[in-house]
Amino acid sequence: QFQKPEDAIKYRKGAFTVMAAHFGRIGAMAQGKVPFDAAAAQSNAEIVATLSRLPFTAFVEGTDKGETRAKPEIWTDAAKFKEGSQAMIDAVGKLNAAAKTGNLDQIKAAFGDAGKTCKACHDNFRKE
Ligand code: ASC
């Protein structure tokens, strides 16, 4: 699937970068930094939900060296990493469902929950 370890690293970082950009656009609305736009929230949440499924195929063994902050625990504690990644995928799925309702309070709540699942993996599996 990936020719070289660097390709896998680039791929997953790219997916996370684009996901963070779109997640952040919802966050800006959730935090009142930009006016709420239900259609924009919906479109951003859909992108986040799709992207959330991509990076984890690229945590191939041997890709903890080079331009990455991935901790070895990703591979030594793979079950916990998998659980954390699934929690994030589920949470952004709920954010996507909330965005479809167009209800800002629901979006705010789901955004907060999703952010916690991002942070949990960063705390456990990402170097400073
Ligand atoms: C973001 C983003 C993350 C998460 C995380 C939540 O907007 O880019 O990585 O939220 O900061 O704690």
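A few remarks follow.
- Only residues that are closer than 18 Å to residue 127 by Cα, surrounded by fewer than 17 Cβ atoms within 10 Å (Cβ to Cβ) and β-branched (Val, Ile, Thr) were counted in region 4-18, giving 1.
- Any hit, region 19-37, residues being assigned to a helix (DSSP H, G or I), open to solvent by less than 60 Å² (accessible area, probe 1.4 Å) and touching a Ser or Thr at 6+ places or on another chain (Cβ under 8 Å): yes
- Considering (1) surrounded by 13 or more Cβ atoms within 10 Å (Cβ to Cβ); (2) more than 15 Å from the ligand (Cβ to nearest atom), the lone condition that residue 62 does not fulfil carries the number (1).
- Residues of region 1-18 satisfying the condition of being assigned to a helix (DSSP H, G or I), of a type outside the set (Ser, Thr, Tyr), away from the ligand (no atom under 16 Å from the Cβ) and within 23 Å of residue 48 (Cβ to Cβ): 8, 9, 10
- Residues in region 70-128 that are within 16 Å of the ligand (Cβ to nearest atom), open to solvent by 50 Å² or more (accessible area, probe 1.4 Å) and closer than 13 Å to residue 56 by Cα: 0 in all.
- Among residues of region 33-58 that are under 19 Å from residue 15 (Cα atoms), those with a Cβ under 7 angstrom from a residue that is surrounded by fewer than 20 Cβ atoms within 10 Å (Cβ to Cβ) and among the small types (Gly, Ala, Ser), sequence gap 6+ or separate chain, pair up as 49/93; 51/15; 54/15; 55/15; 56/85.
The values are calculated or read from the model by the stated rules, or taken from the named source; none is laboratory data. Quantities reported herein were computed from a predicted structural model and do not represent experimental measurements. With ideal geometry, Cβ positions are generated from the backbone for all residues, glycine too; neighbour counts draw on all protein chains shown. Accessible surface areas use protein heavy atoms only, side chains included; no ligands, DNA or RNA. Shrake-Rupley method; radii C 1.70, N 1.55, O 1.52, S 1.80 Å.
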